[in-house]
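Novice: Let me give you the structure first, and then I'll get to my questions.
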Amino acid sequence: MKFFIDTANLAQIKEAQDLGVLDGVTTNPSLMAKEGIKGQDNILKHYVDICHIVDGDVSAEVIATDYEGMIREGEILASLHDQIVVKIPMIKEGIKAIKYFTEKGIRTNCTLVFSAGQALLAAKAGATYVSPFIGRLDDVSTDGLTLIEDIRQIYDNYGYDTQILAASVRHPMHIIECAKIGADVVTCPLGAITALLKHPLTDIGLAQFLADAKK
Ligand code: G3P
């Protein structure tokens, strides 16, 4: 399973890259705003800066919601760097844009996916990645992991190449359950990845080994 980090914070991306387990980055307009990145030129430069830190795919999201606007923005984003994947919202115009980019050989990430039907449409349009938001489903008392299971079954039934990129992943159990189900990718905050490291018995065991080594 691939690990992406879900942030536009360069220090956190570097820390995850230095850990040696990072496969890519996802961003969205909210994450860019959180870092105070404003203005077209600064936003485009920031995506390039991210590409220079990480070895792997970097999702950059369009802001337009009309077909022509998404094509225009997506082509600019894709031309920035060969690691860029154009992130497109799951709306009617978005599906048409994904189909267009698929035919042009430009990779896409279909975002804001909350149902198996939406994921099926994204795969049929040729999306490289589909991003079901599992934490936000959990927030409204709907099991996000069940959606990952449903999409896995549908994609396997028909051999769709679209990769399931579990998003809105909030904690280590989300990551472990996604791995058990067979999600292709999880994207999550740095803290959810580093939380996988922790176990009190590891700390106790290491302290004992170090103490015994001094004897
Ligand atoms: O990858 C999507 C993600 O940024 C949304 O996460 O925690 O805002 O639901 P969250």
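Novice: Are any of the residues in region 136-143 of a type in the set (Ser, Thr, Tyr) and within 19 Å of GLY24 (Cα to Cα)? Write out each step before concluding.
Specialist: The first filter runs over region 136-143 and keeps only residues of a type in the set (Ser, Thr, Tyr), leaving 141-142.
With the extra rule that they be within 19 Å of GLY24 (Cα to Cα), the set shrinks to none.
For region 136-143, residues of a type in the set (Ser, Thr, Tyr) and within 19 Å of GLY24 (Cα to Cα): absent.
Novice: Further, regarding this structure: What pairs come up if the first residue lies in region 134-158 and is in contact (Cβ under 8 Å) with a residue 40 or more places away in the chain, the second is in a loop (DSSP other than H, G, I, E, B) and among the polar types (S, T, N, Q), and their beta carbons are under 9 Å apart, counting only those six or more places apart or on different chains?
Specialist: As it stands, the answer is ILE134/SER168, since those pairs meet every condition given.
Novice: Scan region 166-176 for residues that are within 16 Å of the ligand (Cβ to nearest atom) and surrounded by fewer than 19 Cβ atoms within 10 Å (Cβ to Cβ) and report the count.
Specialist: Applying the first criterion (within 16 Å of the ligand (Cβ to nearest atom)) to region 166-176 yields 166-175.
Filter again for surrounded by fewer than 19 Cβ atoms within 10 Å (Cβ to Cβ), leaving 170-173.
Of the residues in region 166-176, 4 are within 16 Å of the ligand (Cβ to nearest atom) and surrounded by fewer than 19 Cβ atoms within 10 Å (Cβ to Cβ).
Novice: Of the conditions (1) among the aliphatic types (A, V, I, L, M); (2) in a helix (DSSP H, G or I); (3) within 16 Å of the ligand (Cβ to nearest atom); (4) surrounded by 17 or more Cβ atoms within 10 Å (Cβ to Cβ), VAL58 fails just one. Which one is it?
Specialist: (2)
Novice: Would you tally the residues in region 67-122 being in a loop (DSSP other than H, G, I, E, B) and of a type in the set (Ser, Thr, Tyr)?
Specialist: Adding up the residues that qualify gives 1.
Novice: Of the numbered conditions (1) buried (at least 16 other Cβ atoms within 10 Å of the Cβ); (2) more than 16 Å from the ligand (Cβ to nearest atom); (3) part of a helix (DSSP H, G or I), ALA16 satisfies every one except a single condition; which is it?
Specialist: Of the numbered conditions (1) buried (at least 16 other Cβ atoms within 10 Å of the Cβ); (2) more than 16 Å from the ligand (Cβ to nearest atom); (3) part of a helix (DSSP H, G or I), the odd one out for ALA16 is (2).
Novice: A follow-up question, please. Please indicate, with yes or no, whether at least one residue in region 143-165 is farther than 18 Å from LYS87 by Cα, within 13 Å of the ligand (Cβ to nearest atom) and surrounded by fewer than 19 Cβ atoms within 10 Å (Cβ to Cβ). Spell out the reasoning first.
Specialist: Taking region 143-165 as the starting set, the residues that turn out to be farther than 18 Å from LYS87 by Cα are 143-160.
Pick out the ones that are also within 13 Å of the ligand (Cβ to nearest atom) and you get 144.
If we keep only those that are surrounded by fewer than 19 Cβ atoms within 10 Å (Cβ to Cβ) too, we end up with none.
Looking for residues that are farther than 18 Å from LYS87 by Cα, within 13 Å of the ligand (Cβ to nearest atom) and surrounded by fewer than 19 Cβ atoms within 10 Å (Cβ to Cβ), one finds none in region 143-165, hence no.
Novice: What is the residue count in region 17-28 for residues that are closer than 21 Å to ASP82 by Cα and either in contact with a helix residue (DSSP H, G or I) (Cβ under 9 Å, 6 or more places away or on another chain) or of a type in the set (D, E, K, R) (or both)?
Specialist: Looking only at that region, the number is 6.
Novice: Moving to a separate point now. Test THR202 against the criterion of being under 30 Å from GLN12 (Cα atoms) and away from the ligand (no atom under 16 Å from the Cβ), and give yes or no. Don't jump to the end; show me each part of the working.
Specialist: Details: under 30 Å from GLN12 (Cα atoms): yes; away from the ligand (no atom under 16 Å from the Cβ): yes.
Against the criterion (under 30 Å from GLN12 (Cα atoms) and away from the ligand (no atom under 16 Å from the Cβ)), THR202 qualifies.
Novice: Residue under question is ALA127, and the condition is that it be within 28 Å of LYS14 (Cα to Cα), assigned to a loop (DSSP other than H, G, I, E, B) and at pLDDT 95 or above; does it hold?
Specialist: Yes, satisfied.
Novice: Just wondering, is there one or more residues in region 185-198 that are in a helix (DSSP H, G or I), within 12 Å of the ligand (Cβ to nearest atom) and not hydrophobic (A, V, I, L, M, F, W, C)?
Specialist: yes
Novice: Here is a follow-up. Of everything in region 143-162 that's touching a helix residue (DSSP H, G or I) at 6+ places or on another chain (Cβ under 9 Å) and outside any helix (DSSP H, G or I), which residue is nearest to GLY94 (Cα to Cα)?
Specialist: So, considering only residues that are touching a helix residue (DSSP H, G or I) at 6+ places or on another chain (Cβ under 9 Å) and outside any helix (DSSP H, G or I), the one nearest to GLY94 (Cα to Cα) is THR162.
The values are calculated or read from the model by the stated rules, or taken from the named source; none is laboratory data. What you are looking at is a predicted structure, and each value in this text was computed from that prediction instead of being measured. Don't worry about glycine lacking a Cβ; one is built from the backbone with ideal geometry, like all the others, and counts go over all protein chains shown.
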